[in-house]
Amino acid sequence: MDLSLLDFSTMLPFIAVGFAAQLVDGALGMAFGVISSTLLVSVLGVPPATASAGTHIVETFTTGVSGISHALHRNINWRLFGRLLVPGVIGGALGAYVLTSLDAGITRPFVMAYLTLIGLYLLYRGFGFPLKPKEPHIVEPLGLAGGFLDAAGGGGWGPVVTSNLLIQGSPPRTTIGTVSATEFFLTMTISASFLWHLGTDGFDAEFMNPVAGLLIGGVVAAPFGALVAKRVPARKLMILVGIILTATSAYGVYSALTA
């Protein structure tokens, strides 16, 4: 990778996006991957596998910082963490292999359709119903599915896992903290898998500037996620993310089908 290709003025919008997306992700335990992946695929036309690789490289750093922040604020259920970790890593490795083995032109509309559904589900959760806290029962299969869809769609671990755990009655604060901390190990696995299969051939200036911007903004915002989760109403943030993600992803599906 040639670092001389980086241009700070080009990175500025992506720094802002990375910062905002990570604040939302830290507060909700979801959204950084899906927002970043949607931006790279829909707006810039980056192939899904390359976009997912870039997103997960960025998330390796942001989830590490975010996980430490949640641990310091005691937002992690370590028993739940252990149950999610291994299935999530296995699912992520499988998803990365499947995505890199398929033609980008074929996978793009399916990836964007998946992200559209995730956006609609976020809206549903935003206008959701009250939950009674209880220990979730379906965890390991959820981790496997979440890891697979995260790699295949460039994002989805948070929306899939966090939302389903909340439906089962898992307390929001520890659910968000636990899912965020587990994601660090998932993103490391997925990033390594993508780099193994893809190399760095697609990491040109058009790709590296957005990714570098997302990385800077995300890392700066990551320590504040646990604090935002305590102060900003999560339901309002979820509704906003659902609207933006649904609209952007639906446009991506339209563009892919009419290309």
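The values are calculated or read from the model by the stated rules, or taken from the named source; none is laboratory data. The structure presented is a predicted model; accordingly, all values stated were derived computationally and were not measured. All Cβ positions, glycine included, derive from the backbone under ideal geometry; neighbour counts span all protein chains shown. Ligands, DNA and RNA are stripped out before the accessible areas are found, and what is left, the full protein with its side chains, is counted by its heavy atoms. Shrake-Rupley method; radii C 1.70, N 1.55, O 1.52, S 1.80 Å.
What the table shows:
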quantity: Extended-chain gain in nm, criterion 0.36 nm per residue less alpha-carbon gap, residue 240 and residue 255; calculated: 3.1 nm
quantity: Two-decimal Rg/Rh across the range 11-56, once Rg and the Kirkwood Rh are taken from alpha-carbon atoms; calculated: 0.97
quantity: Computed E for residue 231/residue 8 - FRET, C-beta separation, R0 41 angstrom, nearest 0.05; calculated: 0.85
quantity: Residues residue 134 and residue 97, FRET efficiency given R0 of 41 Å [Cβ-Cβ distance, rounded to 0.05]; calculated: 0.70
quantity: Heavy-atom accessible area per residue - the range 31-100, 1.4 Å, Å²; calculated: 34
quantity: FRET efficiency, residue 192 to residue 16 (Cβ-Cβ, R0 22 Å, nearest 0.05); calculated: 0.15
quantity: Spacing of the two label points (7 Å from each Cα toward its C-beta) at residue 72 and residue 127, in nm; calculated: 3.9
quantity: Burial ranking of peptide ranges 31-38, 215-222, 245-252 (average Cβ count within 10 Å, highest at the top); calculated: 31-38, 215-222, 245-252
